[in-house]
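The values are calculated or read from the model by the stated rules, or taken from the named source; none is laboratory data. All values derive from a computational prediction rather than experimental measurement. Glycine gets a Cβ as well: all are built from the backbone with ideal geometry, and neighbour counts include every protein chain shown. SASA here: full protein model, heavy atoms, side chains in, ligands and nucleic acids out. Shrake-Rupley method; radii C 1.70, N 1.55, O 1.52, S 1.80 Å.
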Amino acid sequence: KNIRVMKRIIFLLVAVAISGGMLIGQSQRAAKSHPDTPSKAQIEQRYAAGELSKSDYRDELRNEKREARQQRRAQRIAEYTHYIDSLVMSRNFQFNPQTMQQQPAGSMQVINNPNFDLALWDTTVDICLPYIKGYTPPYYYTVLNYTIPNISDLVLEQTAHGWNVSFNSSLFSASTYTFSLEIISANGGGTLTISSPWYNSVQYNGSITSLY
């Protein structure tokens, strides 16, 4: 147990260090996005020197405030993106489904039960999700409720917008289920697809949060 706790701590520290570097780069890019925007002090100096009329002075101040708001929003988005990236890299997060849909054209169903989720820590996955079995009607509604230790083929792949997380499991049956989770870091959302050779795929949309 102590070894597992230490592994989680190491994963988290490495993830924070890497994401910290990513955040610094994003913050620097945000700061450079408007290099020619004058500061309030510069605008006031130009007005005092008679270089700006009163109306131009007010316009410049409005523009400065707008640019400052844009930069603050960009900074908050960068910080949230860093937060989601650190969760994924630490392998310590959960997916909280809000909707589900049987592919290719099933009806969209809202998930209100907060007990449904898919949680990952280290190489262990907790699965508690509603699921639809069958290729043709009548479909069979059930719940996937499993804890899968020591996932050997877990893949975390960083993309231009976030992450692709995938793994396979038999779920203690004769079949094979493939779990593919696409994460968009900037909005903290994810799309999970569960596919099987015996049933139509089921897709879920939801959010990414920390386990603790």
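Placing 163, 121, 198 in order of accessible area, with the largest value first and a 1.4 Å probe, yields 198, 121, 163. Taken per residue, the accessible surface of the stretch 90-193 reaches 50 Å², heavy atoms only and a 1.4 Å probe. Values of log10 I(q)/I(0) for the stretch 153-194 across q = 0.22 Å⁻¹ run -0.69, by the Debye formula with one identical scatterer at each alpha carbon and no solvent.
Near residue 103, the amide H atoms lying under 5 Å from its own belong to 201, 202, 203; only residues 5 or more places off or on other chains count, and H is placed 1.01 Å from N. Taking every protein chain into account, the 1.4 Å probe leaves residue 117 with about 30 Å² of accessible area, to the nearest ten. The heavy atoms of residue 139 present about 80 square angstrom of accessible area, all protein chains included, probe 1.4 Å. Taking 0.36 nm per residue of separation and subtracting the Cα-Cα distance, full extension of the segment from residue 136 to residue 205 would add 22.5 nm. PRE reach from residue 108 (point 7 Å along Cα→Cβ): which of the stretch 192-212 fall under 14 Å by backbone N? 203-206, by backbone N distance to the label point. Projecting the alpha carbon convex hull of the stretch 122-212 along each direction and taking the average yields 6.6 nm². Projected label points at residue 79 and residue 67, each 7 Å from Cα along the beta carbon direction, are separated by 2.2 nanometres.
Expressed as a whole percent, the accessible surface of the stretch 149-212 that belongs to carbon and sulfur atoms is 52, based on a 1.4 Å probe.
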